[in-house]
Amino acid sequence: MPHVNHNGTKLYWTAEGSGDPLLLIMGLGYTSDMWHRTVPEMAKHFRTIRFDNRGVGKSDVPPGPYSIAGMAADAAAVLDAAGVSAAHVLGMSMGGMIAQEFALQYPGRTRKLVLGCTACGGPKAVRAERVVNDTLMNRATMTQEEAAVAMLAYIYDEGTPRERIEEDLAIRRPVLPTPAGYLAQLQGVIAWQSYERLGQITSDTLVIHGETDRLIPIGNGQLIADSIPGAKLVRIPNASHIFMTDQPEASNAAILEFLK
């Protein structure tokens, strides 16, 4: 079970497949296990590297808050451990924020960039409904199971079969975050923004977003695509925040078409 030690924090990482390297960065409170619908397809074409952000899973939970810039540095440390100088980078939700920061801080290490269901913060960001934000903030006071279930209506499309959602929950339950780890990541999200720096991103960029996303509304994807030179926006119909569960075939196809 490989780990890399970065500034005193052990980070779990693993890799599957072969070919050009592709780094996967997961979102708030989720472990790298949630790439289970993505890795099998990506690993057919790429050396697919994934890791647990600090605060979750098999990585350490140091005292928070964690900054997005610090988690981008964690991602760079994982690439170092994997012996990779530069990689395609795919980030989802908070992972998309980390991916933006990675591309800004390490442009020479960023090949193509994929930003999924994410935001850039700043004055023009499209905010979620109040009930969504309240639920997000209150999760730190809930039991792990309550916190996982509370967000389901806001992150999955209403047309997604319940058994597919239950498959995700079965994977998440053994690795649900502690309140301390979740809150430390959330504090980093709240304190961060890239809006005024997006024009500095030089990597070819795909922005991919579910049309029914209630957690991070699709207007945020449009804002990012409009702000990064040459970026392309792909809208996934009948998909919410977890678009790789709502529409796995469509989302994987869009990502592979862009990367290949």
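A few remarks follow.
- Checked against (1) more than 19 Å from THR245 (Cβ to Cβ); (2) open to solvent by less than 30 Å² (accessible area, probe 1.4 Å); (3) among the small types (Gly, Ala, Ser), SER227 passes all but a single condition, namely (2).
- VAL114 being touching a strand residue (DSSP E or B) at 6+ places or on another chain (Cβ under 9 Å) and either open to solvent by less than 10 Å² (accessible area, probe 1.4 Å) or part of a helix (DSSP H, G or I) (or both): yes
- Restricting attention to segment 118-144, the residues being among the aliphatic types (A, V, I, L, M), under 26 Å from LEU90 (Cα atoms) and either touching an Asp or Glu at 6+ places or on another chain (Cβ under 8 Å) or not in a helix (DSSP H, G or I) (or both) number 4.
- Pairs with Cβ under 6 Å, 6+ apart, first in segment 125-138 and within 17 Å of GLU211 (Cβ to Cβ) and in contact (Cβ under 8 Å) with a residue 60 or more places away in the chain, second surrounded by 12 or more Cβ atoms within 10 Å (Cβ to Cβ) and among the basic types (Lys, Arg): VAL132/ARG214
- Test for ARG235: is it in contact with a strand residue (DSSP E or B) (Cβ under 8 Å, 6 or more places away or on another chain), basic (Lys, Arg) and either open to solvent by less than 50 Å² (accessible area, probe 1.4 Å) or modelled with pLDDT of 95 or more (or both): yes
- In the set SER93, SER18, SER32, only one residue is modelled with pLDDT of 95 or more, polar (S, T, N, Q) and surrounded by fewer than 17 Cβ atoms within 10 Å (Cβ to Cβ); that residue is SER18.
- Within the span defined as segment 136-152, every residue fails to be out of contact with any helix residue (DSSP H, G or I) (no Cβ under 7 Å at 6 or more places or on another chain) and at pLDDT 95 or above.
- When residues in segment 51-88 are screened for being within 13 Å of PRO2 (Cβ to Cβ), of a type in the set (Asp, Glu) and open to solvent by 10 Å² or more (accessible area, probe 1.4 Å), 1 of them pass.
The values are calculated or read from the model by the stated rules, or taken from the named source; none is laboratory data. None of the values given here were measured: they were computed from a predicted structure. Here the Cβ is made from the backbone with ideal geometry for all residues, glycine too, and neighbour counts use every protein chain on show. Only protein heavy atoms, including side chains, enter the accessible area calculation; ligands, DNA and RNA are left aside. Shrake-Rupley method; radii C 1.70, N 1.55, O 1.52, S 1.80 Å.
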